[in-house]
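Here the structure comes first, spelled out in C-alpha cells, and everything after it is commentary.
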Amino acid sequence: MGTDQSNSQTPKEITATGAGRISELRPVIDMLEKPQMAALYTVLRDHVVTVPELQAEVDVTKSTVYDYVAALQRAGLVSEVETDGTATKYTAHEFVVTLEVDGMVVEVTPDVVEVLSYQETNLEIQGFLEQYGLATLAAFIDLAHQHAAGDVTTRMIADLLDISRGSAYDMLEHVGRILDIGGEPSTAHAADIDENERDELLER
Amino acid sequence: MTSGNRDDNETARYTANLVDTGIFRAIGKPPNEQYDKLRAAVASADTRLHIPATIYEELGGDTTADAFPSGSEYVDEAIRDGWVIVADHLPGLLADDEDITSPVERSRHDAHRVIANVTNHPKTVNQWDDTALVGLAVRLFEQNERIRVLVHTTDRALSKAVRVVVPQYGYYEVKCRYYPPQTVKDQIGLETNLAW
C-alpha cells in the first residue's frame, strides 16, 4: 500500500475551478496517485470531522493524516469549520481541475478522486487504469452518470471510449457501487407509455 | 380418460424472460451464489431465460463453432441445463433501411431510431446490437400466441426502446425491469422478478 507509481503521467496544461479557491495544484495531482489521500478527501466531502475521526476512516498514521489535511488546506480544497472550542473539524470543497495528459484532456472531479481511492483495493478499477489510463477512466466516470440517467447505453460507452464491452459492463457495476448512482431497480409496463411520447420517440 | 375440457383460462400464459448482457456480467461466471439463486428462481417461476445470439457472443459464446454451446463461461452451463435459450440470429442489418417487410427486422430499425432519440447520441455511435432485445421480443410474440415478455436490462434506454417499439406491432404484454448494474447481484435471484 502507499506506493505512488500508478498514473505518473506528467500533466502539461492545467486549468482549475473550485469557486476560485484552488491555490496550489500539487495536492490535486497527489490525490490521483495516493489512494489514502483520495479517500481522506472523500470522507471530508461527505462528513465534517476531526483528525482522529478521519484517521479512523483512512488507513494511514496520524502524522500522515495531518500532512494530507495541511496539503489539501493549502490547495484550498479543505477548510476548518467553526467549532465550539473543542477539536478542530474539517470539510472539503467541490472542484474541477482540467489536465492535459499525453494529448488527452482529463477532467479531475471529486468523483474521479473517489473512484481512484479504490485503485489499489478494487481489481476492476486497477485493471482498467492499467489498460486504459486515467483520461479514459475520468471520461468513463462522466459517462457512468449519463448512463444512470439513460442518456447513453453500455454498448455506446464501449464504442465512444474504444474499450471492450465486457469492461464497460463490469466497470459500470463497480463505479455505480462506489458513487452510488442509478437509483433503485424499477419495472415498467409497455402499455404505460404515453402515445404522444411514443410517436415522438419513433420520429426520424 | 375424459379430460380435455380444461378451461382456457387455466392454461397460463408463458412468461418469457429476456435477459441483457449486463445482467449475466454482474452475476459473474459460475459457480457462484448469485448464479445458483438465479437458477432456483427460474425453476420456481417455471420460466426460461432467452437471449439473442449477439448477446450470447458478447458473453463469449461462439455461434460458429460446430459444438454448441461453446465459449461462454457465463451461460454455457445454463444452456446445457436447459434454462437459458439462445435464439437463432435475428434478421436485419443496420445498412438496410428500405422496403423492410419483416416485423422483426422493422422493429429493430424502430428501436435504433428510438435509442438515438432517447439518448441524444448520434446514430454513428448508436449500437445496432442494442436493438436485439426488441427484435427478439417481437419474434417471440410472432411465434407464440400465449406469451408475455419480461425484459431484464441494466440500460435504462433499452428498457424504454422495448416499451416504445414492441406495442407498435400489436403486442402490449411487455414489461421491462431496469437494474442499476450494482443492484443486479442482490435482485436477480428473486423469483418475483421473473414472474409476471
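The values are calculated or read from the model by the stated rules, or taken from the named source; none is laboratory data. Everything numeric in this text was worked out from a predicted model, so none of it was measured. Using ideal geometry, Cβ is built from the backbone for each residue, glycine included, and neighbour counts are taken over all protein chains shown. When the accessible area is computed, the model is the full protein with side chains, heavy atoms only, and any ligands, DNA or RNA have been set aside. Shrake-Rupley method; radii C 1.70, N 1.55, O 1.52, S 1.80 Å.
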So if I restrict to the alpha-carbon atoms in chain B, what is the Rg, and what is Dmax, the biggest pairwise distance, in Å? 17.1, 63
Amide H neighbours of A:VAL81 under 5 Å, at least 5 residues apart or on other chains, H built in the peptide plane: list them. A:LYS89, A:TYR90, A:THR91
For region B:11-68 and region A:156-204, what is the separation of their Cα centres, given in Å? 19
Which residues belonging to region B:14-48 lose at least 40 Å² of 1.4 Å-probe accessible area when the assembly is complete, relative to their chain isolated? B:ARG25
Note the full-extension length gain between A:THR187 and A:HIS47 as 0.36 nm times their separation in residues minus their Cα-Cα distance, in nm to one decimal. 47.0 nm
Heavy-atom accessible area of the protein assembly as shown with neighbours in place, 1.4 angstrom probe: carbon+sulfur share in percent works out to 45
Length gained if A:ASP180 through A:ARG21 is fully extended, taking 0.36 nm per residue and subtracting the Cα-Cα distance, is 54.5 nm
Note to self, chain A gives a 222 nm [θ] from helices alone (DSSP H runs n ≥ 4, -39500 (n - 2.57) apiece, / all residues, nearest 500) of -16000 deg cm²/dmol
Per residue accessible area of region B:37-196, 1.4 Å probe, in Å²: 41
Given springs between every Cα pair under 10 Å in a Gaussian network model of chain A, which of A:ALA158, A:ALA188, A:ALA87 has the largest fluctuation? A:ALA188
Determine one quarter of the surface area of the Cα convex hull of the protein assembly as shown, which equals its mean projected area, and express it in nm² to one decimal. 26.3
R0 = 56 Å: FRET efficiency of B:SER70 with A:TYR66, Cβ-based, nearest 0.05? 0.45
Farthest toward the dipole's positive end in chain A, which of A:SER23, A:ILE125, A:ALA158, given Cβ charges of +1 (Lys, Arg) and -1 (Asp, Glu) about the Cα centre? A:SER23
Assigned charges on the beta-carbon of Lys, Arg, Asp, Glu; the protein assembly as shown dipole about Cα centre (debye): 400
Spin-label point model (7 Å from Cα, Cβ direction): what's the A:VAL105 to B:LEU94 distance in nm? 2.5
Using a 1.4 Å probe on protein heavy atoms only, how many Å² of accessible area do B and A hide from each other, summed over both chains and rounded to 100? 4000
Mind checking which helices in chain A clear 15 Å along their axis (Cα) and have mean Kyte-Doolittle hydropathy of 0.0 or more, DSSP H runs only? A:35-46, A:123-148
Chain A: radius of gyration over Cα atoms, expressed as a fraction of 2.2 N^0.38 Å: 1.18
Rounded to 5, the percent of DSSP beta bridges in the protein assembly as shown classed as antiparallel: 55
